[in-house]
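One structure is given below, encoded as structure tokens.
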Amino acid sequence: MASLRSFWLLCGLFLLTFTTILSAQSEYKYSYVPKKVYENQLFSVTVICLSECSKEVPQFTFDTISNIQPLSDEPLVIHNGDDSFYTFYFKASRVDMRIPRLFINSENADLSLDPQTVSLGSLKIRDDFCGVLAADMKIRNSQVSNYDEKNHLVTLSIEAFESNLEDMYLNNVLESGIEHLKRNNAKVESEFYFVLPDSVKEIKFTYFNTIKKQYVYLKTHIELTNTMVVTQSDLNPKEDSFELLKKYTLMFLLGFFSLMFLIKRDFFYLVLAAISLITLLTLYIPHKKICIKQGAPLFILPTETSTMSTKIDNELNTMLLGEHGDYKKVEYQEGVIGWIKNEDICEN
């Protein structure tokens, strides 16, 4: 009889332990896993903790044996009442994806969630597709500058969500590149550069909206607001009628205040004449000259991914046409303009 009681006691303890394990495992589960994604798409996978979960984020570890890992080890955490949501972001490859087993270490229990399979769909690619899939994407602003005598350099500041912005490209442009890419969970920002003929007045392309499941158009006007002359004979900004008007006005004021000083002998007019003279001289100050090392690569765009157009054959002294980050814009030969890295400037 005593042995029978011991047997039932052990069975009870086993059932209690098993129930506790099931209860612990049932606290965490996947609340969202997409059924289908597309190549290069960024997608989210969300784990939910039900009932009274600790506000402290448990330790999540995807099976390290798998080469499929989230973009960040730290999830996006959202608390809603007693429930907590933990979201990870993955990038789709060219085949069906198998999200590896997820190990969860929390205050209450250690458990794991089974692997999940996400199917890969296919898109009908269009000629105007920029290669970006996003829940939303917009052009925040654009800048246009002269690249050479026939082309413009355009910079687009882009903001997107759940997006593979790093894969962006455009057809029918001479050169393009992405830079300053910043990702904060679903939000991503970057600057996209491209070179295109100055005869083009508008650029229009599409991205694939993963929420609407359709292509969406984006466009921007190409309008040059700060023109730079690119000929060897004149490397200063072009003189338009407004520039000439400013110079003639300053010359007139310089002469007028100088004459008034001679007549009135009032130093106030002398000060005004000096200010006019200094302002006038600034309009004639030439571009700063820099020295470039022999063998320095000349890049088409001021980006790490830009194509190298040529190399500087010999040490070169030339005018500085512009600056962007760690790059400086120079003219190597007549009609040959590009960007060099700051590290390729002569030390002396």
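Derivation of every value follows stated rules applied to the coordinates shown; laboratory data play no part. Everything numeric in this text was worked out from a predicted model, so none of it was measured. No Cβ is skipped: glycine too gets one built from the backbone with ideal geometry, and neighbour counts run over all protein chains shown.
Between Thr220 and Leu50, the contour length at 0.36 nm per residue exceeds the Cα-Cα span by 56.6 nm. Each label point is 7 Å from the Cα along the Cα-to-Cβ direction; what then is the distance between the points at Gln143 and Leu259, in nm? About 4.3 nm, to one decimal. Here's the picture: a label point sits 7 Å out from the Cα of Lys36 along the beta-carbon direction, and within the range 117-154 the residues with their amide nitrogen under 15 Å of it are 118-125.
Considering only Leu153, Cys130, Leu218, and ranking their Cα positions along the charge dipole of the range 129-221 that arises from unit charges at the beta-carbon of Lys, Arg, Asp and Glu, the one farthest toward the positive end is Leu218.
Evaluated at q = 0.23, 0.24 Å⁻¹, a Debye calculation over the C-alpha positions of the range 241-282 (equal weights, vacuum) places log10 I(q)/I(0) at -0.67, -0.71.
Sort out for me the Cα centre separation of the range 35-94 from the range 171-218, rounded to whole Å. Answer, in whole Å: 27. In a simple Cβ point-charge model (Lys, Arg +1; Asp, Glu -1; nothing else charged), the range 289-344 has a dipole of about 40 debye relative to its Cα centre.
Entry note, the range 96-147: relative contact order of 28 percent, from Cα contacts under 8 Å with a spacing of 6+ residues. For the range 168-228, the Cβ-based charge dipole about the Cα centre amounts to some 480 debye (Lys, Arg positive; Asp, Glu negative; other atoms uncharged). Pop the C-beta distance of Lys29 and Ile211 into the FRET formula with R0 = 30 Å and round what comes out to the nearest 0.05. Plugging the Cβ-Cβ distance into 1/(1 + (r/R0)^6) gives 0.80.
Taking 0.36 nm per intervening residue step and subtracting the Cα-Cα distance, what contour gain separates Leu71 from Asp128 on full extension?
Working it through step by step, the gained length comes to 17.7 nm.
Dipole size of the range 26-121 about its Cα centre, with +1 on Lys/Arg Cβ and -1 on Asp/Glu Cβ: approximately 580 debye, rounded to the nearest 20. Aspartates and glutamates near Lys264 by alpha-carbon distance under 16 Å, same-chain residues fewer than 8 away left out - which ones? Lys264 reaches no qualifying aspartates and glutamates.
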